[in-house]
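Taken together, the values in this text are just the output of simple stated rules run on the coordinates, not laboratory data. Owing to the predicted nature of the structure, the values given are computational and were not obtained by experimental measurement. Please note: Cβ atoms are built from the backbone with ideal geometry, for glycine as well, and neighbour counts cover all protein chains shown.
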Amino acid sequence: MAVIEYIEAIRLAMKEEMERDGSVFVLGEDVGKKGGVFGTTKGLYQQFGEERAIDTPLAESAIAGVAIGAAMVGMRPVAEMQYSDFMFPATNQIISEAAKIRYRSNNDWDCPIVIRAPIGGGIFGGLYHSQCPESVFFGTPGLKIVAPATAYDAKGLLKAAIRDPDPVLFFENKKCYRLISDEVPDEDYIVPIGKANVMREGSDITVIGYSMPLHFAMQAAEELARDEGVEAHILDLRTIQPLDREAILEAAAKTGKVLIIHEDNKTGGVGAEVAAMIAEELLYDLDAPIRRLCGPDIPAMAINPPGEKHFLLNKEKVKSAMLELARY
Amino acid sequence: MKQSGSVQQTSRHARLGLSDERVVEMYRMMQLARKYDERGQLLKLAGKVNFHISGITQEPSQVAMAFAMDTTTDWFLPYYRDYGFVLSVGMTVKDLMLALFAKEEDPNSAGRQMPGHFGSKRLRIVTGSSPVTTQVPHATGIALAAKMRGEKSVSIVSFGDGSSNQGDFHEGCNFAGVHKLPVIFVCQNNQYAISVPLSKQTRGNIYERAIGYGFPGIRVDGNDPLEVYRVVKEARERAIAGEGPTLVEIISYRVTGHSTTDNDLDYRTKEEVEPFKQNDPIDGFRNYLVEAGLWSDEQETKLLAEFRAIIDEATQYAERAPFQPAEDSERYVFADSSEVKS
């Protein structure tokens with residue numbers, strides 16, 4: 001067991017899967033010789049050669065479309081979108097093709113691709129290097145969507161995604177790359193897609209979220225326990241499609257007070273579905289209205305520091321929302 | 001001319017390596033596609049089916065391109081008018097009829113998709129959709145897989161002239177050019193994208209775009225199926241030899257509306273269409289066979305009777321076949337969990 005960075009966990013998952021299965025390969029802009037603009041694919045080109053760590057032309061629809069074609073005839077491509085902000089040209093390939101290939105052929109064909117894309121802000125990336133596009137793809141049946149918050153989950157979920165028989169969007173948080181490190185086993189393991197994880201046990205309030213903002217909730221929870229005697233129960237969705245309904249209802253029922261957090265903007269976000277799920281089944285068990293703390297409904301975050309700070313969640317914002325809910 | 005033995009005039013098809021049997025089989029496929037297509041139109045007019053889309057006059061070139069390929073190793077990515085193409089690589093009239101009636105036994109999609117959306121893994125026909133040109137990068141990806149695995153396999157993808165303006169055309173061609181992939185891009189230029197004529201689709205020549213991707217682009221007359229066969233066969237040989245992709249532009253003319261929901265006289269005249277109807281390439285190919293001594297009026301009569309029976313039987317069968325039960329419409333969003341590769 002070693003403590004490794006989130007980005008290293010992603011890199012190792014690809015490296016190990018490429019060693020395990022000759023049909024696995026990576027493709028994308030700058031993923032070869034350079035090893036990715038963030039360094040996520042570092043060493044793969046050197047170890048596996050240019051045929052399995054493919055530097056593609058700068059054309060996202062082809063990156064997705066070529067991966068889909070290869071996957072349909074038995075390969076296991078891992079396509080990288082350099083920033084999730086740039087994956088929209090590939091949206092037709094993802095939504096009209098990858099998501100529907102099994103369904104439209106009545107199970108004759110399948111499309112086992114993984115599309116990795118960095119999400120999230122906090123790196124002064126401005127409008128187009130900071131977005132969280134989950135809600136664009138969320139609600140498209142046929143797509144699985146994962147968004148890990150820890151190195152352990154990043155490695156285990158990416159391995160599960162590569163082995164999955166259906167298309168998986170792997171949203172990795174670029175702020176987590178070097179900021180988040182945790183213990184990752186040396187031996188092979190997967191984190192099953194579709195299973196949420198209780199990050200912290202508590203009895204006063206429930207926080208449900210995914211990706212980077214959960215770390216703010218964890219820090220806030222420690223301070224609230226110490227200073228206010230409030231014990232937060234924290235659920236990491238890990239997979240945002242399909243949502244782990246059972247785990248969500250169980251976590252909500254545990255405290256009767258639910259705060260949902262994510263960096264993607266509030267309207268039409270994953271949190272809306274989580275809230276609806278709880279409202280449909282548990283409304284009378286709740287002790288407070290369901291709360292959401294999310295990015296504001298503006299097109300994207302600004303590069304200027306006050307604008308970026310305003311958009312992003314942080315420990316203080318999450319803590320104050322948690323305390324307010326605890327006191328309701 | 002001094003040659004020992006008798007001087008024998010070799011026919012065009014023989015010079016291309018096509019036996020008499022093969023060239024007759026090509027004719028059969030063209031005529032079968034035509035007769036199926038005509039029945040599809042009638043069934044729509046009669047209100048028996050909800051939709052039909054035609055490939056009339058494009059069949060000879062579709063059959064020719066299929067005959068230039070190897071059905072045991074290659075991959076086929078047809079577009080929605082490609083009846084001649086899919087029949088030539090093994091789909092049956094019964095399969096097409098089941099799709100037309102949207103019945104469960106339809107091998108393309110179990111009656112989920114509109115007719116003309118082909119797919120059959122067994123026949124190496126790759127499942128397609130309605131947003132046009134998405135299949136072009138797929139063909140490139142399939143060719144990439146063939147190259148990575150060292151397989152002697154070529155993918156061939158067709159699309160219309162309208163499609164040549166989509167980004168996926170450019171992105172798929174460019175990627176294939178960079179990696180010298182074994183793929184043949186076939187633009188079936190029938191002069192219309194629904195109502196918009198070629199002159200409003202592009203100023204240049206589609207086949208010439210290949211220059212920009214660094215591989216050959218060839219324009220060929222769709223009314224000359226033997227020439228289409230030659231061009232596609234050579235493209236396949238180049239692909240197998242590791243010389244990369246080819247763009248083939250087949251010139252034809254769409255004599256029907258875009259589909260059964262389109263009234264083409266809203267945007268063009270009968271006078272424009274009529275000469276193309278008169279110059280039917282199936283007639284041209286039949287005349288070729290007759291002149292080569294390979295076909296007769298008797299054989300024609302017999303063939304049409306045979307096809308009529310096949311199509312009648314397929315129509316009856318498909319009409320009576322059950323739909324996929326509504327509850328099964330929720331199946332196959334994802335793999336059944338038992339299929340998960342661990």
Amide H proximity to B:Asp106 below 5 Å, modelled H, separation 5+ or other chain, gives B:Gly111
Note down the nm distance, to one decimal, between modelled labels 7 Å out along Cα→Cβ at B:Ile211 and at A:Tyr328.
6.8
So which residue, out of A:Tyr128, A:Tyr152, A:Tyr83, gets the largest mean-square fluctuation from a GNM of chain A using Cα contacts under 10 Å as springs?
A:Tyr128
Got a sec to turn the phi values of segment A:244-258 into Karplus ³J(HN,Hα) couplings, 6.51 cos²θ - 1.76 cosθ + 1.60 with θ = phi - 60°, whole Hz, x for Gly and Pro?
7, 4, 4, 5, 5, 5, 5, 5, 5, 5, 4, 10, x, 10, 10
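Once a ≥ b ≥ c are taken as the square roots of the eigenvalues of the Cα gyration tensor of segment B:29-321, is the result rounded (a/c under 1.5), prolate (a/b larger than b/c) or oblate (a/b not larger than b/c)? Mind showing how you got there, number by number?
Values: a/c = 1.42, a/b = 1.33, b/c = 1.06.
It is rounded, given that a/c, with a ≥ b ≥ c, falls under 1.5.
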Would you work out if segment A:197-326 is rounded, prolate or oblate? Take a ≥ b ≥ c from the square roots of the eigenvalues of the alpha-carbon gyration tensor; rounded if a/c is under 1.5, else prolate when a/b is larger than b/c, oblate otherwise.
oblate
Given a Förster distance of 51 Å, the FRET efficiency implied by the Cβ-Cβ spacing of A:Glu281 and B:Thr72, rounded to the nearest 0.05, works out to 0.40
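Over chain A, what is the relative contact order in whole percent, taking alpha-carbon pairs under 8 Å and six or more residues apart? Write out the running numbers ahead of the final one.
Values: 749 pairs, mean separation 55.8, N = 328.
Worked out over chain A, it gives 17 percent.
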Please list 3J(HN,Hα) in residue order for segment A:64-71, calculated via the Karplus relation 6.51 cos²θ - 1.76 cosθ + 1.60 where θ = phi - 60°; whole Hz, with x for glycine and proline.
5, x, 5, 4, 4, x, 5, 5
Taking 0.36 nm per intervening residue step and subtracting the Cα-Cα distance, what contour gain separates B:Ala46 from B:Lys200 on full extension?
52.0 nm
Segment A:Glu250-A:Thr267, length gained on full extension (0.36 nm per residue, minus Cα span):
3.7 nm
For B:165-175, mean number of other protein chain Cβ atoms within 10 Å:
5
In degrees from 0 to 90, rounded to the nearest 10, what is the angle of the helix A:6-20 Cα long axis to the longest principal axis of chain A?
40
If I model a spin label at B:Leu265 and A:Asn314 as a point 7 Å from the Cα along the Cα→Cβ vector, what separation in nanometres do I get?
7.2
With a 10 Å radius around each residue's Cβ, average the other Cβ atoms per peptide and rank B:134-143, A:257-266, highest first.
B:134-143, A:257-266
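Span-like helices, chain B: DSSP H, alpha-carbon axial extent 20 Å or more, mean Kyte-Doolittle -1.0 or greater, which ones? Don't skip to the answer; put the middle values down first.
Details: long enough: B:20-45 (38 Å, -0.85); B:135-149 (21 Å, 0.25); B:225-240 (22 Å, -0.39); B:297-320 (34 Å, -0.85).
The answer, listed by residue number, is B:20-45, B:135-149, B:225-240, B:297-320.
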How many nm is it between the label spots at B:Tyr317 and B:Glu151, if each spot is 7 Å from the Cα in line with the beta carbon?
2.8
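Considering only DSSP beta bridges with both partners in segment A:197-326, what is the antiparallel share in %, to the nearest 5?
Values: 3 of 17 bridges.
The answer is about 20 percent antiparallel.
Rounded, prolate or oblate: which one fits segment A:2-184, using the alpha carbon gyration tensor with axes a ≥ b ≥ c (rounded when a/c is under 1.5, else prolate when a/b beats b/c, else oblate)? Could the numbers behind the result be given before it?
On the way: a/c = 1.44, a/b = 1.22, b/c = 1.18.
It comes out rounded by the Cα gyration axes.
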Straight-line reach from B:Lys302: which lysines have Cα under 28 Å away, leaving out those fewer than 8 places along the same chain?
B:Lys35, B:Lys44, B:Lys48, B:Lys94, B:Lys277
Which one, B:Gly128, B:Gln316, A:Leu293, projects farthest toward the positive side of the charge dipole computed for the protein assembly as shown from Cβ point charges (K/R +1, D/E -1)?
B:Gly128
Just to be sure I understand: of the beta bridges DSSP finds with both ends in the protein assembly as shown, what percent are antiparallel, rounded to 5?
20
Kindly rank B:247-255, A:309-317 from highest to lowest mean number of other beta carbons found within 10 Å of each residue.
B:247-255, A:309-317
What fraction of the DSSP beta bridges in chain B is antiparallel, stated in percent and rounded to the nearest 5?
10
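Run the numbers for A:Phe124 and A:Asp21: contour at 0.36 nm per residue of separation, minus the present Cα-Cα distance, in nm. It would help to have the intermediate numbers written out before the result.
Details: separation 103, 0.36 × 103 = 37.08 nm, distance 3.77 nm.
Fully extending the segment from A:Phe124 to A:Asp21 adds 33.3 nm.
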Compute a Gaussian network model of chain A, connecting alpha carbons closer than 10 Å, and tell me which residue from A:Glu187, A:Glu134, A:Glu172 fluctuates the most.
A:Glu187
Quote the FRET efficiency, to the nearest 0.05, computed for B:Thr301 versus A:Asp297 with a Förster distance R0 of 56 Å and r equal to the Cβ-Cβ distance.
0.20
Using alpha carbon centroids, what distance separates segment B:254-287 and segment B:312-338, in Å?
34
What does segment B:235-302 give for Rg and for Dmax, in Å, if only its C-alpha atoms count?
18.4, 48
Which whole-number percent gives the relative contact order of segment A:197-326, counting Cα pairs below 8 Å spaced six or more residues apart?
31
Give the separation of the Cα centroids, segment A:201-224 to segment B:75-99, in Å.
56
Please report, to two decimal places, log10 I(q)/I(0) for chain A at q = 0.06, 0.08, 0.14 Å⁻¹ as given by the Debye formula with identical point scatterers on the Cα atoms and no solvent.
-0.20, -0.35, -1.07
Which cross-chain or sequence-distant (5 or more) residues have an amide H under 5 Å from the amide H of A:Phe25, H modelled 1.01 Å from N in plane?
A:Arg76, A:Val78
Selected from B:Thr260, B:Thr202, B:Thr315 as most flexible by GNM, with chain B as the system and alpha-carbon contacts under 10 Å
B:Thr202
Amide H to amide H, which residues 5 or more places from A:Ala302 or on other chains are under 5 Å from it, using H placed in the peptide plane?
A:Glu308
Helix-only mean residue ellipticity at 222 nm, the protein assembly as shown, DSSP H runs n ≥ 4 weighted -39,500 (n - 2.57), per residue, nearest 500. What is it?
-12000 deg cm²/dmol
I'd like the mean, over residues of A:50-63, of how many other protein chain beta carbons sit within 10 Å of each residue's own Cβ.
5
